[in-house]
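Derivation of every value follows stated rules applied to the coordinates shown; laboratory data play no part. It should be emphasised that the depicted structure is a prediction, and the values quoted were computed from it without experimental measurement. In this analysis, Cβ positions are derived from the backbone assuming ideal geometry, glycine residues included, and neighbour counts consider all displayed protein chains.
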Amino acid sequence: MDENSTQLRRDPHHGGWVLLPFQPEREQLLSISPEDRPADSPNALDDSEAPGVHMVWSVKSALPDGSEHQVRVIANRFAMYRVEGQEDRQGRGLYDMMRGVGAHEIIVESPNARDSILTLTPYQYALTLRAVQERIRDLRKDGRLKSFSFLREWTCQGNGVASHPHSQLIASSIVPLGLSNEMDSAWAHFKYKERCLFCDMIRQEMHDESRLVMEGDDYIAYCPFASRYPFEIHLFPKKHSAEFHDEPGERLPALAAAIRDAAARLEAAIPGWRVLMVLHTAPVPSKRMHIHSPHSSYYHWHIEFLPYPPGFVDWYARTGTHVECTPPENAAAFLREVNVPSPWE
Ligand SMILES: [Zn+2]
Ligand SMILES: [Zn+2]
């Protein structure tokens, strides 16, 4: 296996794959919480002309309010997945592993480093959402890539931190455990009731109203019945749709407005906390991965807002895949060699 790549190991115990970075530089970066990272960002957010920065996509567009805005997408130098090479699947006894194949891109949401999710107008943020759609459409042409996740993190009332507004797009050749669990629940509900689980939940939340946060013409936000995080919010399109890149362009400003509304409410609720915003969209159907086809009838794309205390990095919540920076071989070697008194002494 290539020294310079990440490795995916199948977890026979809990299911799914675990990503091991195997690169000291990346290990260090992944284990530092975002607010503690050095000011000289490794992602070249400010200068897309800087050496080593690979621009993937860019758009400068006139907005309906008469202003102009620019969004750029650059390759992440510390990518969890890389597009070059093959999966290189290997078996070792009963264990399976392969290279982490995919793409990891940074979306720079504004040319202005001081902008935040709350200063960008819905028309400006809609351009970021369009970038996500266009990148997913383009990455889908690579038949190896099966799932796409878009994520963004920020600190509520994190005034004074100028960290260039940005988000991440990760495409991978695996379907993350978090997403395949959701697909399984949705499929079980559909098989029994012949209805979309999420459409049913949306209808019930609209009727019940006790967990509703915001309801517009096209989008709805509520605190889920079995919330896993304090102030967790789920944002859904009211009209059934499995894949985010199919969402009509004319609805993106309304979606951006709904995102900004949720962000503003969390800003008041949990000052000082971090918010992780993740997009869940249906993976490419695949027989090998037992993703039932067509999933367009039973999965429903959505955005989850997951608040967490500062200083904590949860890759499973971010991507649906556990990322472990300490290879078990190194951990076991350390634990074997450490000097401890005998428990019998
Ligand atoms: Zn639905
Ligand atoms: Zn979800």
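Tabulated data
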| read-out | value |
| --- | --- |
| Sparse-neighbour loop sites [trypsin sites (Lys or Arg not before Pro); the range 218-323; at most 14 other C-beta within 10 Å; DSSP] | 228, 239, 287, 288 |
| The range 51-104: GluC sites (Glu not before Pro) in DSSP coil with no more than 10 other Cβ atoms inside 10 Å | 84 |
| Relative contact order (percent, whole number), the range 218-269, Cα cutoff 8 Å, 6+ residue spacing | 39 percent |
| Separation of the residue 191 and residue 344 label points, Cα + 7 Å toward Cβ, nm | 5.3 nm |
| Percent RCO, i.e. relative contact order, over the chain, from Cα pairs under 8 Å lying at least 6 residues apart | 20 percent |
| Stokes-Einstein D for the range 259-345, Kirkwood Rh over Cα pairs, 4 °C, 1.567 mPa s (µm²/s) | 74 µm²/s |
| Taking the C-alpha atoms of the range 125-192, convex hull volume expressed per residue in Å³ | 147 Å³ |
| Under-5 Å amide H pairs with residue 58, H placed in peptide plane, nonlocal only | 73 |
| Mean Cβ count within 10 Å, highest first, over the residues of peptides 339-345, 141-147, 77-83 | 77-83, 141-147, 339-345 |
| Computed over the range 233-338: relative contact order in percent, which uses C-alpha pairs under 8 Å that are six or more apart | 35 percent |
